[in-house]
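Nothing in this text is a laboratory measurement; each read-out follows from the coordinates by a stated rule. Bear in mind that the values here come from a model prediction, so they are computed numbers and not experimental data. Cβ: placed from backbone, ideal geometry, glycine included. Neighbour counts: every protein chain shown.
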Amino acid sequence: MDWVQPILENRWAAGLLVAAGSLLGAWLAQLVLMATLRRVVSHTETDLDDKVLALLKRPIFYTMLLIGFDRAIHVLGPSPMVSGTARAAFISLGIAFWSLTLMRLSRTVLKQMAKQPRPGGLIRNQTLPLFEIVIKTTVLAAAIYFAMVAWDVDVGAWLASAGVLGVAAGFAAQDSLANYFAGVFIIADAPYKLRDVITLDDGTRGTVIDIGLRSTRIHTRDGVEINIPNSILGGMKIENRSAGPSVEERCAIEVGVAYGSDIEQVTKILLVTARRVKHVLSKPAPEIYFKAFGASSLDLDVKVWIRPAHFEQVRHDLHVAIYDALNEANIEIPFPQQDLHVKEVPPSIGV
C-alpha cells in the first residue's frame, strides 16, 4: 500500500480519486436504495409507487455525485472564494434537479388522483391545470429562494419587490382569479354536473355540456350555447332539474274552469288526460289538486312527473290535450271579465 501515500499527498490525484469514488458511491447508493424501496412497495396494488421510484432514480444519483464532487473540491484545497463558488454551484444544481423532480412527481400524483376522484374532491381532470400551476409556482419560488441563499444574495429586497409585483398582478387579474377559484368550488361542491338540466335566476334553462375552471357552458333549448363565467354562477341561485334522489322532475300547469262546473268530473277528465300524454311517467302518478277559488274561475293544478329532457314538449302536449278534453266535455274555460252594474244614470246623460 506504499503507492497510496504519494497519491494522498498529491492534492490533484487525491481530488480525482475522491471524484471517482463519489461516482462509484453514487451508483452503489442508487442501486441499494432503489432495490430496497422496490422491495417495500412490491406488494401495492397500483403502479403509482413504481412511477415515483422511476422519477427518484436520477436525482438520488446526482445528489450523491454532487456531494462527492464537493468533497473532491475541498480536498484540492482551493481559495475560499473558489470553494464557496463551487459549493454554491453544486447546491444550485441539486436544487434544480429536485425541483424538476418535485414538479414531475406532483403531476404524476395529481393525474393518478384525478383518475378516481372522490365525491366532493377538488382534484379532478378539470382542476388539474390549476393545481399544476400552483405547485409549479410554489416549487419554483422555493427553488429560487434557496438558490439565492446558497449564493449569499440578499433575499429581503427581492421578496419585497416580488410582493409588490404580486399585489399588482392580483389586482390586474382579479376577475380571472375569481373565475378560477369559483370553478374549483363549483367542481368540489358539485351543484351541477355534466349533462344536468339546470335553470338559472333569469329563467335560462339548458343542459350543462362543459364545466371549466374559468366558465361553464350551457346548451339551451333554442340550440344556443351560452358561456357563463364561474364567478357569476357562484353567486346565482341555480335550480338543478336533474339532481336529488331521483332523475325525474315534476311539471305543473294551472287550469281554470267556470264556476258551477262539476269539480269531480273535471278532476277525472284532467287525470285521464294527463296519463295519456306522451312522456308522462306512470310512477309517480299524475296528481290533480283543487287549488283556489279564483276571481273568474275555479283553479286546479295538474302535476305530472317527467324526464327533464322532455319538459317543454310535455308542457305543450299537456295544454293541448286538456284544452281539447274540456271542450269535448262542454266544460267552460273562462277568461277574466268584469260585470259593470249602473246604479243610477245622471240626468244630464239621460235620454
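If I model a spin label at Glu328 and Lys51 as a point 7 Å from the Cα along the Cα→Cβ vector, what separation in nanometres do I get?
My value for the distance between the label points is 6.3 nm.
Relative contact order of region 172-252: what whole-number percent is it, with Cα pairs under 8 angstrom and at least 6 residues apart?
29 percent
Could you please report the charge total around Thr204, scoring K, R as +1 and D, E as -1 over all other residues with beta-carbon less than 15 angstrom from its beta-carbon?
On the way: positive: Arg205, Arg217, Arg221, Lys237, Arg241; negative: Asp196, Asp201, Asp202, Asp222, Glu225, Glu239, Glu312.
Taking every other residue near Thr204 into account, the sum is -2.
Using the beta-carbon distance between Lys343 and Glu264 and R0 = 41 Å, what value does 1/(1 + (r/R0)^6) give for FRET efficiency, to the nearest 0.05?
My answer for the efficiency is 0.60.
Using label points projected 7 Å from each Cα along Cα→Cβ, tell me how many nm separate Tyr145 and Asn227, to one decimal.
Taking the two extended label points, one gets 3.7 nm.
Grab the other residues whose beta carbon is less than 14 angstrom from that of Trp27, score K and R as +1, D and E as -1, and report the net.
Charge balance in the 14 Å sphere: +2.
Which whole-Hz couplings ³J(HN,Hα) result when phi for each residue of region 70-80 is put into the Karplus expression 6.51 cos²θ - 1.76 cosθ + 1.60, θ = phi - 60°, listed in order with x for Gly and Pro?
5, 5, 5, 4, 5, 5, 5, x, x, 5, x
Of Lys115/Lys278; Lys291/Lys343; Lys111/Lys193; Lys193/Lys268, which ones are farther than 30 Å apart at the Cα?
Details: Lys115/Lys278 40 Å; Lys291/Lys343 35 Å; Lys111/Lys193 20 Å; Lys193/Lys268 39 Å.
Over 30 Å Cα-Cα: Lys115/Lys278; Lys291/Lys343; Lys193/Lys268.
Using the basic label-point model (7 angstrom from Cα toward the beta carbon), what is the Lys115 to Arg250 distance in nanometres?
The answer from the label model is 4.5 nm.
Taking the Cβ of Arg221 as the centre, find all other residues whose Cβ is under 13 Å away and add up their charges (Lys, Arg: +1; Asp, Glu: -1).
0
Go ahead and run the numbers for FRET between Lys237 and Val153, Cβ-Cβ distance against an R0 of 56 Å, rounding to 0.05.
Plugging the Cβ-Cβ distance into 1/(1 + (r/R0)^6) gives 0.60.
If you take the beta carbon distance between Lys136 and Thr199 as r and set R0 to 45 Å, what does 1/(1 + (r/R0)^6) give as a FRET efficiency, to the nearest 0.05?
0.70
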